[in-house]
Amino acid sequence: MKKYNKSPLPFQGQKRNYLKIFNRELQKLCGDGTGWTIVDVFGGSGLLSHNAKYTCPNARVIYNDFDNYTERLSKIETAEQVRRDLLTFVNGYSKYEQLTDETREQIINYLHGKEIDYLTMYNYILYSGNFASSLEDIKKSTKFYNRISKISLSCDGYLEGVETVHKCFTELMKDEFNGNVLYLLDPPYINTNQGYHRDKNNYFGLLSQLTLFELMKPPFFYFTSNKSEVMDFVDHENKYSHLFNNCETFTTKNTVSGRSAYFDILITKTI
Ligand SMILES: C[S@@+](CC[C@H](N)C(=O)[O-])C[C@H]1O[C@@H](n2cnc3c(N)ncnc32)[C@H](O)[C@@H]1O
C-alpha cells in the first residue's frame, strides 16, 4: 500500500505535520487494529483515515467526508491535466517568479468555461495566504506567480480499505460500533475562519463545540491548537474535566507563510 504524507489534493487544515506522532500513538493504542473501529469524525481530506488504515491495517476505518472531498478526488485526472497545461504557460519562468500581465491573461482565458478544481488550482498561481474558489476569485488577484508543482497529481490507493460516510458529527457520534472504538476528533477551530468552509447553517461555532463535548467519549485523539480555547477545558476544572482527566498532550510548532507561528496540539485520551 502506498503511503501518503499529505493529501493528494490541497486541503486547508490537513494534519500533515502531525502524522509522525499520530501514527506512533495510534500504533501504541490499536496495534495492527484487530478488534478496533477508528472513526475519523472530521475527516477533511481523509489523511488521518488513510494513515490509520496504513498503520492499523486490520482496523475498520470510517472516514467522514463532510466536505465531499472524495468528489474532488474523483476528478483528479482533470486536475492533473490542468496542472500540465498550466506548466506550458510558465515555460521560461523560474519558480515563484511573477508572471507578466500577458501570461496572466492567457491563463484566465484558458480557465474560462472549464471545469476546474479551484481549491487545487489557486495554489499554483496565487501567493500563499491567498484563496480562490472560482474564476471570479482568481481574477481579483492582479498578480500571478509561477508556483506550479512539477509533481503529478494522483490518489491511487489513497482510500483503499477505508469506509466513507457523509454525516454531520452529531449524527455520526450517535452511531453504534462493535468492539473497541477510537474517535479521531479534528474539528474546525472555532475562532478561525475554518468554520466557514460551509454555509451558515453548518457553521461550526461555540454551540457545535459544546455539542461535541457532550457527545464525545474516550478513547479519542483530539486535535486542536493554541489558537483555540480547547486547552482551557483541559487545564482548568470545568463541566467537561472528566473528558480530559489523565489525557496526554503532544505539541508541534507550525509556521504559516514564514510569518506567524502557532502550535498544533494533539490530546490523546486512551483510558
Ligand atoms: C480541521 S478540518 C479536518 C482536517 C483533517 N483531519 C485532515 O487531515 O484533512 C475540520 C473538518 O471538519 C469539517 N466539519 C465542519 N463542520 C462539520 C460537521 N458539522 N460535521 C462533520 N464535519 C464537519 C470541516 O468541513 C473540515 O473538513
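Just so it is clear, none of the values below were taken in a lab; they were calculated from the coordinates. Source: prediction; values computed, not measured. Every residue, glycine as well, gets a Cβ built from its backbone with ideal geometry; the counts of neighbours run over all protein chains shown.
From most to least packed by mean Cβ count within 10 Å, the peptides 45-53, 100-108, 13-21 give 45-53, 13-21, 100-108. For the chain, hydrophobic long helices are taken as DSSP H runs at least 24 Å long by C-alpha position along their axis with mean Kyte-Doolittle hydropathy of 1.6 or more; none is present. Extension gain for the segment LYS139 to GLU77, taken as residue separation times 0.36 nm less the Cα-Cα distance, is 19.9 nm to one decimal. Remark: for residue pairs LYS6/LYS269; LYS239/LYS269; LYS114/LYS253; LYS174/LYS269; LYS15/LYS75; LYS3/LYS253, the C-alpha separation exceeds 27 Å in LYS114/LYS253. From the alpha carbon centroid of region 1-52 to that of region 91-125 is 32 Å. The charge dipole of region 72-140, taken about its Cα centre with unit charges on the Cβ of Lys, Arg, Asp and Glu (plus for the first two, minus for the last two), comes to roughly 160 debye.
Stokes-Einstein diffusion of region 72-140 at 10 °C, 1.306 mPa s viscosity, Kirkwood radius from Cα pairs, rounded to a whole number: 127 µm²/s.
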